[in-house]
Every structure is written in C-alpha cells, then in structure tokens.
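The values are calculated or read from the model by the stated rules, or taken from the named source; none is laboratory data. Note that the structure is predicted; figures quoted are calculated from it, not measured. Note: ideal-geometry Cβ built from the backbone for every residue, glycine included; neighbour counts use all protein chains shown. For the accessible areas, the whole protein counts, side chains as well, though only heavy atoms, and no ligand, DNA or RNA atoms are used. Shrake-Rupley method; radii C 1.70, N 1.55, O 1.52, S 1.80 Å.
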Amino acid sequence: MNKISDTTLMKVKSVLFLFLLIASLFLQAQDTMRKLSISQLYNEINASTDWAYRLTNAVISPAEEDSVFLGTMKYTVNNAHGTYTNYTIARLKDKKLIFKDCRFIFPTNSIFTFMYCTFNMLAFENCDFQTDFRIWRCKIERDKGGNSAFFSLDSCVFNGSFVFDPEEFSGHDALSNLNINNCVFNRYVSIRDGVLNLNIENSDFSVEKVPDEYKGNALNQLNISGHDYENIRISYCKFSSNGFENTNSITLAKTSVERLMLSDNLIGSIGFSGATVSKSFYAKSVEIGGDIGVEGFDFPLNNSNVPWHYISGEKLCLMLSYSTDSPYKANTEDNLNKENKYNDLIAAYKKFHNMYLTRGDMVSANACYIEMKNIETRRNKYLNKVNPNLENYLNYNLNVFLRYFSAYGTSPVRSLIVSFYVVLIFAFFYFFFYSEWDKIDRRYLMQKHRILVEYLKSDQSLEDFYTQEYKEDFQSFKDFKEHIENSKRSIPFFVDALGRPLYRLSKFKHSIMSWIYRRSEILHGRWIDLSSGKKWIVGTTLFAGITFYLTYILFLRVLNSVVLSLNTFSTLGFGDIPVKGISRYLAIVEGFIGWFLLTLFSVSLISQILQS
C-alpha cells in the first residue's frame, strides 16, 4: 500500500511541477511583452516615419493620462443598459498600421475606438481583443501614390464585439477589400458601410454572452445590412448561438450586393429581408439549421445556384432582423389568418421556384413546389375550419388527394404507382365474382369434381373422358370431312384443296390432346380394383395433378381479374361488361376513377415535360 501511495504522490508532484513551469513561462512571456497606454500608442503612431507603423508582441491597456491626452479621449456613456467607458484614438491622418501578436486588455464595459481617422492600411494579425472594438467614422482610402486601401483581420480573437462603421463613401474612394480570416468572434460583428469586397473565411462566430444593449432585441452575429457591395463571400465559417434565443447568424437586410457567395458554412438562421443580389447568388455545401428571412428578397433568376435541399424544411419565413417576434411561417392559426403575410410568403416560394425552373433544376423546383403546396393545403384546412362550405371543403380535400396521388402533379411515376394499386384493389374484388371470360365458379368446380369421381369408379380412360367432352367437335369434324368427300365432284379442285387442310388443322389439336391423355393414363381400370401399393402411387400422382390443375385455374382467375380491372380502369372498352351483380357496378365505378386518375397523370406528365 505504501509503495502504491508513493507512486501516486510522485505523479501528482510531476503534474504540479509541469503546471508551475507552464505558468511561469506564460508569466515570463507576459512580462516580455511591451505595455502601452492609449496615449503612448497614439504618440508612437504619429512619430513613426516608416512606410507603416508596426507593433508586435505588445499589450495595449488604458492608463490615467489617456483621459486628457491630445488625440485620445475617454468618455462615459450612460443609458438604460448600463455605463460604458469609451477609449478613443482620434484624427490620425494617412496612416498604415500593422498590429501583430498584440493584446488589447481593457476594463469591463469598455470600448476601444478609432474615430475620425484616415488610414491607407489597417491590419491585425494574431491579436486578442478583450474589449469591444470600433472603427467609427474613419476613412480607409488609397494612399497618395494611388495604391488600394487595405483592411484585414487574420487569426484574431474578439471576446467583445467588433463594429466597422466608417464614413459613408463609395466607388473609387471606397475600401476595396475587407478580409477576415481564421478569426473567433464571441459576441457579434457589424459591418455597416464603405467596403466594395467583403471576404470572410475560416472563422467561428459564437455567443458567449448577450450584450445588455441587445436584451429585448434579436442579436445578429454577423450584421452586413443596409449598404452596397460588389462582392460578399462567406466561406468555411461556423455560427453557434450556444443556446441563446433570438440570435441570427447572418443578416443582410436591405443590403445591395452584386455577387453573393456562401460556401461550406454551418449557419443557424440567416436574414435576407429587403436584400438585393443583382448579378449572381451562389451557395455550396451550406447547412442552415434555423430560419431564413426572405421578405422582399430579390435575386437573379438566371444566375443563381442554391440547391433546395440547403433551405428545405419550411425554413423560409418573414422576419425582421432586430425583432424578437416569432418569424411568420404560416404554421399556426394566428399566422394563417394573416392574408397579406401569407401571400408574401407564397410569393417568396414562387420566386425560388421560378429560379429553379429557369436553371432547369427540376429536382429542386419540384421539392420547392411541394413545400409551397403543403403550406397552401394547411391554409385551405384553416379556411375550411373557420368558414365551412362546399368550396373550401373540396379545395382542401383535393389538395390532400393530389399530395398523395402525384405530389401535387410533380411526380407522374408516383401517380402510375398509385393507379396500379387501384387496379390491384379492384382486381381483388373481381376475383371473387363470376366472369364470362373464364367461367370459373362453384358449378364449374363441381362439374370437374363429378368427372374425377366417375373416372375413378369406371373403367373408362382419360382419353375416353376427353373424347366424350368434345364429342360435338369430333362429330362436326367428321361431318365436314364427309361433306367435302360428297361434294368434290361438283366443286372446283382448288375449293376442295382448301377444305382438306382446314379439316386436318381442326383435328390436329384434338389429336395432340388425345395423345397426351393416352400417355398420361395412370389408372388402367377402377380405383377399387387396385392393390395397396398401386393405390399409393396413383393417389400421389392424382394429388400432384389436382394441385397443378388448381394452381393453373387460380393463376387463370388472377390473370383474368387483373386484366379485367386494367381494361376497366383504362376505359379501353370491351363491349358488354363480362361480370354480373355487384361487380358490374364496381366496374362502372372503376371506369370513372380510372378516367379521373389517368387525366391527372396526363396533366402531371405533360407539365413535367413542358417544364423540362
């Protein structure tokens, strides 16, 4: 026991030693990082004569002198959500700033802001922001040599929010590219203006805490709303709300963008309300788990590629980006009562459906149409509930039937399958009723049983019973032959020559059957005169023969029933209906059903052909 205890103690000591060693190295690294106040940072930037000011491996934290130093400001904002201290660097002119391996550590409820500055370049690499960060009313524009402006965030961590809200400028003066790569945002990002091309890649957006200013409102993790862009590309990003309600992953509400691309993203909900995509809209490998706001969303029909399975599941809805109200999805009676909202939602579905038709993507077009018709069916059910009448009743139930029969006319194959089942159901009923086609009923079976009993009791052979059954046919053949013989001298030779083959062909069938029955004879006498061993052999053979015969007439009965049902269903016509009694009325009903279903099938098939 002591030995085991000593071993355990040594392991614990080793772990503690490693922990202390790592902590010591970390603290040592912290000590080696430069520490700058806001005012010191401002002085260094202004004093720099290099092509760009570079700050590496530093900690930026506010100090007491920052509140009075020229070019920096510290002021307090009081509102209903609490008190915030804003530390600001203001009025820098024509600067290129590069921050690498820096930490921005500020007190709780603080904001670090660049305000009224002019930058030609602004880059942050592997930086850690322990505060909210704002770029407010700044310009990021071309330098005096005409070089394009540049702003990037690379491998940064934001434990507060990030807001990019520069001065409103566009065209030649606008920031060409804002690149965000491999960053982590633990609150929210808001990009409000001044960028032509926005590229966000390999970044994680999560909500560790809902800011006080967003309590009572919806929080947009990535807000790119209300402005004009040439290109927006969001790829390989992951959005997680961590269970917080009223959180939207992305909102592009009222945004105008020429080209929008979403690729390989994991998204909660996304808002396009009021957005316009003018040239191309592309989505690839996008998983959207929440709602998709599409009220007033406009995109090009002939240059958009968004497979329906990315957005299926009744995710399309009408929602406001900043509202905590439930999105409108026409899935409750209260929603279904709002006619204008319902029409707007259906219009959004039709927009996507038309886009798929334009692209020739029939799989997506049909799936979109089915989902739209399901919503329509749900509203028809509601209308029939609140205002029951024949029209509403038929509208609702016809939609229900079309959904089952042909997926609202989008699946001709499904309608054929359902029609086949209908044919089989009616064939099942016809099986138990007499038909003139096979004439198999109880009297037929009793007659065959009587013949079998007579065969076993008498000395007659199978051939004798066959000859007796077709006695009239044999007599007619004999009479025909005698008629030819008696008339050959008084008729032309070729007429006589035609008659003789007819006689031989007519007799040939019966000759073959007589030969088969003769070769199949097993009794050769009466059953009662057979020995015990012979009876066992004959009895076994008879049982096998009877089983085969019953199987044959059962197959014939089934075949005739299916053919009769198919004939009736397809309304091909066969003269007099070959069934009697109740089955005759069933045949009439099946004929009407067949006409109706085949008409729907034809419409569905033609619709799919024309749309293709």
Solvent-free Debye scattering, log10 I(q)/I(0), computed from the Cα coordinates of the range 506-612 at q = 0.17 Å⁻¹: -0.93
Estimated D of the range 356-419 in µm² per second, where Rh is the Kirkwood radius over Cα pairs and Stokes-Einstein applies at 4 °C, 1.567 mPa s: 103
Cα Rg, Dmax, the range 232-341, angstrom units: 13.9, 40
Cα shape, the range 303-417, gyration tensor, a/c 1.5 rule: oblate
Mean separation of Cα contacts under 8 Å (6+ apart) over length of the chain, as relative contact order %: 6
Pairwise FRET efficiency - residue 582 versus residue 287, Cβ, R0 = 51 Å, nearest 0.05: 0.35
Under-5 Å amide H pairs with residue 131, H placed in peptide plane, nonlocal only: 159, 160
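Please report, as a whole percent, how much of the solvent-accessible surface of the chain comes from carbon and sulfur atoms (probe radius 1.4 Å).
Working: 19640 of 33950 Å².
Answer for the chain: carbon and sulfur cover 58 percent of the accessible area.
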For the range 98-107, Karplus couplings with θ = phi - 60° (6.51, -1.76, 1.60), whole Hz, Gly/Pro x: 10, 10, 9, 6, 10, 10, 10, 10, 10, x
Estimated 222 nm signal from helices in the chain, with DSSP H stretches of n ≥ 4 weighted -39500 (n - 2.57), rounded to 500: -15000 deg cm²/dmol
Fraction in percent of alpha-carbon pairs per bin - 5 Å, the range 427-583: 1, 7, 11, 13, 12, 12, 12, 12, 9, 6, 3, 1, 0
Accessible surface, the range 246-357, averaged per residue in Å² (probe 1.4 Å): 41
Built amide H within the under 5 Å cut-off of residue 142, gap 5+: 149
Loop-resident sites, the range 407-483, for GluC sites (Glu not before Pro), counting at most 12 other Cβ within 10 Å (DSSP): 436
Derived scalar couplings ³J(HN,Hα) [the range 534-547; Karplus, 6.51 cos²θ - 1.76 cosθ + 1.60; whole Hz; x for Gly, Pro]: 5, 4, 5, 5, 5, x, 5, 5, 4, 4, 5, x, 5, 4
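Just in the range 233-319: which GluC sites (Glu not before Pro) are loop by DSSP and have at most 12 other Cβ atoms within 10 Å?
Working: sites: 245, 258, 287, 295, 314; in loops: 245, 295, 314.
In loop regions of the range 233-319 (DSSP not H, G, I, E or B), the sparsely surrounded GluC sites (Glu not before Pro) are 245.
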Rg(Cα) / (2.2 N^0.38 Å) computed for the range 457-546, rounded to two decimals: 1.59
Globularity index of the chain, i.e. its alpha-carbon radius of gyration over 2.2 N^0.38 Å: 1.76
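I'd like the antiparallel share, as a percent to the nearest 5, of DSSP beta bridges with both residues in the chain. Write out the running numbers ahead of the final one.
Numbers: 10 of 110 bridges.
In the chain, DSSP labels about 10 percent of beta bridges as antiparallel.
Please work out whether the range 434-482 counts as rounded, prolate or oblate from its C-alpha gyration tensor, where a ≥ b ≥ c are the square roots of the eigenvalues and a/c under 1.5 means rounded, while otherwise a/b larger than b/c means prolate and anything else oblate? The partial results should precede the final answer.
On the way: a/c = 4.58, a/b = 1.24, b/c = 3.69.
Verdict is oblate for the range 434-482.
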Eligible aspartates and glutamates near residue 144 by straight Cα distance, threshold 16 Å, same-chain separation 8 or greater: 50, 94, 173
Dimensions in Å of the range 513-555 - Rg and Dmax from alpha carbons: 12.2, 36
Loop chymotrypsin sites (Phe, Trp or Tyr not before Pro), the range 489-578 (other Cβ atoms within 10 Å of the site Cβ: 13 or fewer; DSSP): 574
